[in-house]
Amino acid sequence: MVPGTPYDSSRVDALLVERGATARPDGMRVWRLKNGDVEVGELRENGQVVATEVRVPLSDRTELMREAVEEAATLAQAAEVRLVDPQLGRPLTANDSGSVAEQYLRTARYAGEMMGLSEAVSASYAAQPEGFPTGGKVLLGIVGFLIVLYLVVNGLISQLGG
């Protein structure tokens, strides 16, 4: 909890095991939550463990992210460590799940639109607005203009010829 003190991951590891996290061969752990699975690993700097990292897969749904923040905040409080979101740049509590979920959705949309990440592509498409699409309105306007132009030209030709 105190910045600058060495990080002891043993308390967090023990609590994760109690909560059903299972180890994978690559050293990561899988923590099964109600809304899906998150990956848990060690964050190292200069070969030393400085934090426990929780990774939530990108998606167009925020339920897993909200649950992960709430569960991680509960775990951090029990382990007497801080839960920090590096994107928001501040410590979190379970009450911060909404702001973290909003930032997560922005990140997922960006990853889907700009980077083409397949797991985040669905987040990049906003809900379609109700009513006639703008492209259809423009096309309909052009067709209407051409019909009016035809009628005017046809009327002028018939007056001149007749």
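The values are calculated or read from the model by the stated rules, or taken from the named source; none is laboratory data. In this text the structure is predicted, and so the values were computed from the model without any measurement. Backbone-built Cβ (ideal geometry, glycine too); neighbour counts: all protein chains shown. Surface accessibility is based on the protein's heavy atoms, side chains included, excluding ligands, DNA and RNA. Shrake-Rupley method; radii C 1.70, N 1.55, O 1.52, S 1.80 Å.
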Obtain the nm distance between the two label points defined at GLU113 and VAL143 by a simple spin-label model: each point lies 7 Å from its Cα along the Cα-to-C-beta direction.
-> 3.0
Reported to the nearest 10 Å², PHE132 has, with a 1.4 Å probe, an accessible area equal to 120
Placing +1 on each Lys and Arg Cβ and -1 on each Asp and Glu Cβ in the chain, then taking the dipole about the Cα centre, the residue among LEU149, GLY135, ALA111 whose Cα reaches farthest towards the positive end is LEU149
Okay, helix-only estimate at 222 nm for the chain: each DSSP H run of n ≥ 4 adds -39500 (n - 2.57), divide by all residues, round to 500 deg cm²/dmol; what do you get?
-> -15000 deg cm²/dmol
Subtracting the Cα-Cα distance from 0.36 nm times the residue separation, let me have the gained length for VAL49 to ASP37 in nm, one decimal.
-> 2.0 nm
Grab the other residues whose beta carbon is less than 12 angstrom from that of THR52, score K and R as +1, D and E as -1, and report the net.
-> 0
Which of the listed residues, ALA79, GLN48, LEU58, is farthest toward the dipole's positive end in region 48-89, when Lys, Arg count +1 and Asp, Glu count -1 at the beta-carbon?
-> GLN48
Calculating Cα Rg over 2.2 N^0.38 Å from this structure picks out, from (i) 1.82; (ii) 1.22; (iii) 1.13, entry (i)
Helix runs (DSSP H) in the chain reaching 15 Å along axis by Cα, Kyte-Doolittle at least 1.0 = 134-161
Overall dimensions of region 1-50 as given by Cα atoms, namely Rg and Dmax in Å = 12.4, 35
Mind checking the dipole of the chain: about its Cα centre, +1 per Lys or Arg Cβ, -1 per Asp or Glu Cβ, Debye to the nearest 20?
-> 440
Descending Cα extents along the principal axes, region 16-78, whole Å = 35, 25, 20
Report relative contact order for region 12-64 in percent, whole number only (criteria: Cα-Cα under 8 Å, sequence separation at least 6).
-> 24
If you take the beta carbon distance between GLU18 and GLN103 as r and set R0 to 22 Å, what does 1/(1 + (r/R0)^6) give as a FRET efficiency, to the nearest 0.05?
-> 0.15
